1. Does anyone have the angle between helix 107-116 and the longest principal axis of the chain? Alpha-carbon axes, 0 to 90°, nearest 10?
2. So, how do all the Cα-to-Cα distances of region 320-381 break down into 5 Å bins, in percent, from 0 on up?
3. With a cut-off of 8 Å between alpha carbons and a minimum separation of six or more residues, what is the relative contact order of region 93-300 in percent?
4. Between region 157-229 and region 310-379, what's the alpha-carbon centroid distance in Å?
5. How long are the semi-axes of the equivalent ellipsoid of region 313-353, taking √(5λ) for every eigenvalue λ of the Cα gyration tensor, in whole Å from largest down?
6. Once you put a point 7 Å from the Cα of residue 66 and another 7 Å from the Cα of residue 249, both along the Cβ direction, what distance in nm separates them?
7. Grab the Cα-Cα distance for residue 55 and residue 200, subtract it from 0.36 nm times how many residues apart they are, and report the gain in nm with one decimal.
8. Taking R0 as 25 Å, what's the FRET efficiency between residue 173 and residue 417 from their Cβ-Cβ distance, rounded to 0.05?
């Protein structure tokens with residue numbers, strides 16, 4: 001089955017370096033040259049990365065214990081539970097979920113949340129290339145949460161804006177003017193959202209005055225549609241519910257302060273996009289917030305285990321290949337296929353007596369307090385502290401339910417760095 005947008009693409013060209021999709025001159029990325037002639041904008045996004053694919057597609061119905069390892073599993077019951085929780089949380093709320101595709105990197109998963117409900121019927125992405133994959137996969141409402149500066153990326157944004165509702169984060173005048181120029185060249189209109197720096201000390205405006213200045217310029221430039229404001233908040237450690245609500249409200253109020261200043265200047269603000277997984281329940285109670293940029297909640301990770309309403313959906317399955325001593329076992333997966341952000345190692349699920357001693361490129365060394373309960377050939381599950389990195393290292397999800405394979409989903413936005 002082709003997604004609606006896929007049907008507009010030229011047939012995929014299979015090349016030695018991977019599978020690529022090229023858009024025809026009449027499609028989303030066609031460009032008008034100075035002489036008025038159309039030519040193909042050579043914008044490609046590879047659905048698989050790497051010189052050689054190491055794809056693993058087990059048969060539907062294969063028991064988990066019969067799977068070859070290592071492999072990345074997604075528990076469908078857990079995933080659907082997380083999506084139902086979001087749908088119920090936002091069903092009667094003013095704000096809705098805009099799932100962050102940098103976490104899932106797979107259009108079919110985004111569609112599952114949209115069908116479950118409680119969303120804006122779209123996603124956000126960190127990169128332009130991720131947005132391209134989501135649009136090809138049939139998602140028609142996109143917010144790119146990073147600033148887009150280079151001409152190449154600006155053209156790609158304009159390309160997909162001709163077949164989807166695309167919005168881009170801005171925080172300075174130069175890229176905004178450049179986006180306007182590109183949009184005029186393409187004969188399209190691109191939405192913009194002003195990013196507000198509330199706590200990340202990264203990108204974003206840092207005063208209401210700066211926000212008003214950018215909003216006024218956005219309303220004056222051709223090819224630009226001013227849509228609203230956005231922010232992203234950081235929190236660290238295992239925090240309790242009271243702290244989450246206090247900190248979350250404080251940060252969101254900073255974003256709303258910029259929104260209110262823009263409204264006071266006589267400019268319509270349609271969107272206030274803020275929040276993340278740790279403020280999913282907070283944002284639902286904050287007046288003025290229209291959407292929440294949640295990502296981690298879908299698959300979950302150990303660094304967010306204080307969000308007890310969500311379940312772990314993503315796991316890495318590994319097999320013991322060596323038992324060098326009574327309390328040590330070696331698994332067949334290493335950091336090339338896992339995530340250890342900031343040195344935080346994976347956790348062996350349901351075996352608290354086993355810890356990760358070392359993580360090497362192709363191996364994981366486990367150590368137990370007493371005799372190692374795992375023997376050569378035994379399987380074990382690993383939970384990650386950060387699933388964005390984890391998912392980006394695999395070609396496919398093995399989707400399982402009741403201990404058996406139900407589907408295999410290619411991770412189409414893997415390696416989308418542009």
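1. The angle comes out at about 80 degrees.
2. Going from the shortest bin to the longest, the percentages are 4, 19, 33, 27, 13, 4, 0.
3. Dividing the mean separation by the residue count of region 93-300 yields 21 percent.
4. If we compute the Cα centre of each part, the gap is 45 Å.
5. Details: eigenvalues 72, 32, 27 Å².
Ellipsoid half-lengths, sorted descending, are 19, 13, 12 Å.
6. 5.5 nm
7. So the extension gain works out to 48.5 nm.
8. Plugging the Cβ-Cβ distance into 1/(1 + (r/R0)^6) gives 0.45.
Rule-based calculations on the coordinates, nothing more; no lab input. Remember, it's a predicted structure, so these values are computed and weren't measured experimentally. Don't worry about glycine lacking a Cβ; one is built from the backbone with ideal geometry, like all the others, and counts go over all protein chains shown.
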